[in-house]
1. Within the stretch 1-12, take every residue that is in a loop (DSSP other than H, G, I, E, B) and hydrophobic (A, V, I, L, M, F, W, C) and give me the one that is nearest to the chain's Cα centre (by Cα).
2. Suppose we filter the stretch 13-25 for residues that are out of contact with any helix residue (DSSP H, G or I) (no Cβ under 7 Å at 6 or more places or on another chain) and outside any helix (DSSP H, G or I); how many remain?
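A short reminder: the numbers here are calculations on the coordinates, not readings from a lab. Bear in mind the structure is a predicted one, so any value in this text is a computation, not a measurement. Cβ sites come from the backbone with ideal geometry, for glycine too, and all protein chains shown count toward neighbours.
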Amino acid sequence: MRIDKFLWSIRFYKTRTIATEEIKKNRVSIGESVVKSSKEVKEGDVIKIRKNQIDYKIKVIQIPKSRIGAKLVPLHIKDVTDKEQYELLKMRKMSQDYYRNKGEGRPTKKDRREMDDYVENDIASDFTDWDDFFGEAGDDSETED
């Protein structure tokens, strides 16, 4: 199987086009040599992939016939990436966690949704029986006439 199709079929890249572009940018190699999209993948190959500033290493256990479900991926590849790479990824995510202090500046879309959810839940908890709420106001106005 071609390497671009293999990386797509094991769900390493979302589309085959993206896999091909990454290969063209020399971010994928088998062993120590950089490969082209047409390179055939064999069982036992160790593929090195540079993605999100991390060097992933995967070993091919079995070649799938076509794109597979996420739960079946471990049957076809084995992740042999260094633990240090995952620690680097974790550190980068922690450093980029929040780009501004809470309460400063304009709210993000996520902040706005959280505020809307809070307001909707708060109003709903105060007035659970809308018929009684509106019925009492209507009854008072009719009795005054």
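1. Here is the first cut: in the stretch 1-12, the residues in a loop (DSSP other than H, G, I, E, B) are 1, 10-12.
With hydrophobic (A, V, I, L, M, F, W, C) added as a condition, the list becomes 1, 10, 12.
Details: Met1: 26, Ile10: 16, Phe12: 12 Å.
Filtering first and then ranking leaves Phe12.
2. First pass over the stretch 13-25, keeping only residues out of contact with any helix residue (DSSP H, G or I) (no Cβ under 7 Å at 6 or more places or on another chain): 14, 17-18, 21-22, 24-25.
From what is left, the residues that are outside any helix (DSSP H, G or I) are 14, 25.
Qualifying residue count for the region: 2.
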